[in-house]
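Note sheet for the following structure.
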Amino acid sequence: MEDALLKYATAQLLLKLDDRGTDHYFFFVPEGIQPEFVFDKTTVAGKYCYTPEAGLKSTFTVKTSGGKRFKVTTLTREQALNACKINGKLLITSSMVLPEAGRVRLLNMGDPVFRYVEYSSAKGFKEQMKEVPSVQPEYTFRKVGSRRLAVRFSGKEYPQVNDYFLRLDYTGDVAMAFLKGELVLDHFYYGAPWQISLKRFQQELTDEELSFYIRPLRKNAPFLSDLPGEAVPDFSKGSVVRVDSVQVVPQYVTTL
């Protein structure tokens, strides 16, 4: 690192930035690991062993025996999972990140508040927040017996909404979606809600319903052993088909 020799570190290298002319290295550690960095004494001036606490306040500066300097920051595993390098900067956010020429778009499912850390910037490692106006989607649904339902949705366009997603929380073998009587999507049950982008069907949904058929889940289904325990229903009354909730959730967007 510059002309200093890092003998060992109990942390994993993630990325390197040009921090206003100074090399800035970012590492991360799994939960439960104490980060430790040990440099060859002959290649640094002064301190050679560092044991920072992982996080955004962990930065330390090393001066080499040749008079150069560089910085080291150790992130937590969660911060590292939410980190990316864009346009020469570090961006840490739980939002979906879409890089574009000279800017970045952030997407949030159902949350109009965007939280992020952008380094290097005037705010440094301080978390920043950007909020857009919230939207209440207009939709209705009706059940047709135990295995069928139909959803009607009229999605108004707003600059802060990138898309609307239909979230169908159901239990069954396979769920199928039909538009104008034709199968357009299907979903194999694995215990999580089915999320469907509605933007692609926006024009058709102005006049049509999106209808669903759910095939019952039987106790001899071969994939049951692959499901988490909480996703396996009670078969004491026979095969199971159930719809617990139907929601339309806006996907918000903002630009940095």
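Within the stretch 21-50, residues that are more than 16 Å from Tyr8 (Cβ to Cβ) reach partners that are aromatic (Phe, Trp, Tyr) with beta carbons closer than 8 Å, at six or more positions or on different chains, in the pairs Thr22/Phe70; Asp23/Phe70; His24/Phe70. When Gly145 is tested against (1) open to solvent by 90 Å² or more (accessible area, probe 1.4 Å); (2) under 30 Å from Gly238 (Cα atoms); (3) free of Cβ contacts under 8 Å to residues at least 40 places away in the same chain; (4) not hydrophobic (A, V, I, L, M, F, W, C), only condition (1) is not met. Among all positions in the stretch 231-240, there is no residue which is loosely packed, with under 10 Cβ neighbours inside 10 Å and within 15 Å of Val174 (Cα to Cα).
Considering only residues in the stretch 148-177 that are without any contact (Cβ under 8 Å) to a residue 40 or more places away in the chain and open to solvent by less than 80 Å² (accessible area, probe 1.4 Å), the one that is farthest from Pro228 (Cα to Cα) turns out to be Ala177. Taking the criterion of being open to solvent by 70 Å² or more (accessible area, probe 1.4 Å) and over 27 Å from the mean Cα position of the chain (by Cα), would at least one residue in the stretch 184-204 satisfy it? Yes, some residue in the stretch 184-204 is open to solvent by 70 Å² or more (accessible area, probe 1.4 Å) and over 27 Å from the mean Cα position of the chain (by Cα). For the stretch 151-161, the condition holds for at least one residue, the condition being that it is out of contact with any Phe, Trp or Tyr (no Cβ under 7 Å at 6 or more places or on another chain) and among the charged types (D, E, K, R). Screening Lys180 on (1) open to solvent by 70 Å² or more (accessible area, probe 1.4 Å); (2) free of Cβ contacts under 8 Å to residues at least 24 places away in the same chain; (3) not acidic (Asp, Glu) shows it passes everything except condition (2). Against the conditions (1) within 30 Å of Val117 (Cα to Cα); (2) open to solvent by less than 20 Å² (accessible area, probe 1.4 Å), Leu256 satisfies every one except (2).
A quick yes/no check of all residues on (1) surrounded by fewer than 13 Cβ atoms within 10 Å (Cβ to Cβ); (2) under 23 Å from Ala122 (Cα atoms):
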site	(1), (2)
Asp18	yes, yes
Phe27	no, yes
Gly32	yes, no
Pro52	no, no
Lys57	yes, yes
Phe60	no, yes
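Taking every residue in the stretch 198-222 that is among the polar types (S, T, N, Q) and pairing it with any residue that is open to solvent by 60 Å² or more (accessible area, probe 1.4 Å) and assigned to a strand (DSSP E or B), at least 6 positions away or on another chain, the pairs with Cβ-Cβ distances below 9 Å are Ser211/Val144; Ser211/Arg148.
The single condition from (1) open to solvent by 60 Å² or more (accessible area, probe 1.4 Å); (2) modelled with pLDDT under 95; (3) touching an Asp or Glu at 6+ places or on another chain (Cβ under 7 Å) that Ala221 fails is (1).
Of all residues in the stretch 121-142, exactly one satisfies the criterion of being open to solvent by less than 100 Å² (accessible area, probe 1.4 Å) and basic (Lys, Arg), namely Lys130.
Restricted to the stretch 120-207, the set of strands (runs of 3 or more DSSP E) holding at least 3 residues that are under 24 Å from Val243 (Cα atoms) comprises 139-144, 148-153, 161-171, 174-179, 182-188, 194-197. Being of a type in the set (S, T, N, Q), assigned to a loop (DSSP other than H, G, I, E, B) and over 22 Å from the mean Cα position of the chain (by Cα), is that true of even one residue in the stretch 220-229? Yes, the conditions are met somewhere in the stretch 220-229.
The values are calculated or read from the model by the stated rules, or taken from the named source; none is laboratory data. Predicted model, so just to flag it, every value in this text is computed and none were measured. Note: ideal-geometry Cβ built from the backbone for every residue, glycine included; neighbour counts use all protein chains shown. We work out accessible area using only protein heavy atoms, side chains counted, and drop any ligands, DNA or RNA first. Shrake-Rupley method; radii C 1.70, N 1.55, O 1.52, S 1.80 Å.
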